[in-house]
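A short reminder: the numbers here are calculations on the coordinates, not readings from a lab. Not measured: the values here are computed from a predicted model. Here the Cβ positions follow ideal geometry from the backbone for every residue, glycine too, while neighbour counts run over all protein chains shown.
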Amino acid sequence: MKQNVVGEMKARALAWRYGHPARGLKVIAVAGSKGKTTTALLLNELLLESGANVAVFTNQGCFFGEEMLTGAYDTSAEELLRQLQYVKKKGAYYVVIEVTQALLDSSSLPILPIEMSVVTNESESASALLEQPANSCVIPTGFDVEGIKVAPHQLISFGTDDASEAHITRVLERRKGTEIDLVIDHQTNIAVATYLVGQANALNVAAAVSAAYVLAIGTEYFEEGVARLEKVVGNYEYLIGDGTPYEMVVDGAHTPRSVELVLASAKKLAKRRLLVVADSSVSDEMYPKMSQLANRLIVVTASPELPGVEMAATLQDAVDVATRAAKKDDLLLLIGREVAAIQSTGVTYAQKLIGEKKTDEQ
């Protein structure tokens, strides 16, 4: 705790030295254990479509409009302030910031005047964000609002429950995208389509659309804004193979709810069988449910053997087993935080594994 206090004091001193660059900017902070990067990028596109000047800081890069910024914003308070100062001078009005663990560790969150907090699901970063004052807040339906420092009338919930203020009424899943219908405030009907796949992304879209709605962005921008985001690395991403007759997908889901949503979507979209490789970030508590949805489940774990679950010593071994077993029209899903980790080359670890396998075979 003492280190946090000292870190916050240093961050505040740095903010003073930099002239408090966050002041005058509309800072939108996005937190959660899954979906926060995608939600931040979707909201960035919605705001850009409306004509606003927007900067977005995520763990997949920082951008001001089409300009890619150098440096990772969450390595230190000074780096965050430097980037805020730069985009403010360039004319940014909104700044969408993904709240990462690194950002929390840098003690930077308390120095940000937050216009809006967006929570995708429960997590340590979400709890830390909601301890900060904000003018408005977007939360999943059923989220515990106790202790949130936002007036009740400035809260909007999203989800599939009838009680949601942004109520998802229909989700049509396709192999290359998703169609979503929502009703906001029981009166505003919104229909959008995204290139992102699956039920989990329908929730990410609902969170971003809810945020844009609260920010008074015209609903006429929603359809094109959502459609602007064509891909998020590691988010139900189709992997590039070498003319394989089956499909390969990687997704970074690792929490129980996100894993369940991704597997349900993959099962629905598979033309034939669903083969799943899960890395060690996926809890073994999920294996029974996963084995029910998958035709074949291969895991990397030290847990005792379970019925219907195959075990591998390494991820490469697991991928080798799965690719040898995959047949025409099967869907091979690689799931977990490790397989979706982005490499220095900009691709996921799963894509790297597939590339290395191809090289070994040659």
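Observations
- Nearest-0.05 FRET efficiency for K327 and T75, computed from C-beta distance (R0 51 Å): 0.65
- Taking the C-alpha atoms only, the angle from helix 77-89 to the longest principal axis of the chain is near 70 degrees.
- Helix 315-325 axis versus longest C-alpha principal axis of the chain: approximately 50°, rounded to the nearest ten.
- Applying 1/(1 + (r/R0)^6) with r as the Cβ-Cβ distance of T160 and A102 and R0 = 35 angstrom yields a FRET efficiency of 0.65.
- Between helix 349-361 and the chain: long-axis angle, C-alpha atoms, 0 to 90°, nearest 10: 30
- For segment 1-126, the number of Lys pairs with C-alpha atoms closer than 29 Å, counting only pairs eight or more positions apart or on separate chains, is 16.
- Projected label points at N53 and E305, each 7 Å from Cα along the beta carbon direction, are separated by 6.5 nanometres.
- Modelled label positions at R23 and Y238, each set 7 Å beyond Cα in the direction of Cβ, lie 5.1 nm from each other.
- Net lengthening on full extension, N4/Q187 (0.36 nm per residue, minus Cα-Cα): 61.4 nm
- Neighbour counting of Cβ atoms within 10 Å sorts the residues D144, D279, fewest neighbours leading, into D144, D279.
- Site pair Q316 and E67 shows an inter-label distance of 4.3 nm when each label is modelled 7 Å from Cα along Cα→Cβ.
- Per-residue Cβ neighbour rank within 10 angstrom, fewest leading, F222, F63: F63, F222
- At an R0 of 35 angstrom, the distance between the Cβ atoms of W16 and H153 translates into a FRET efficiency of 0.55.
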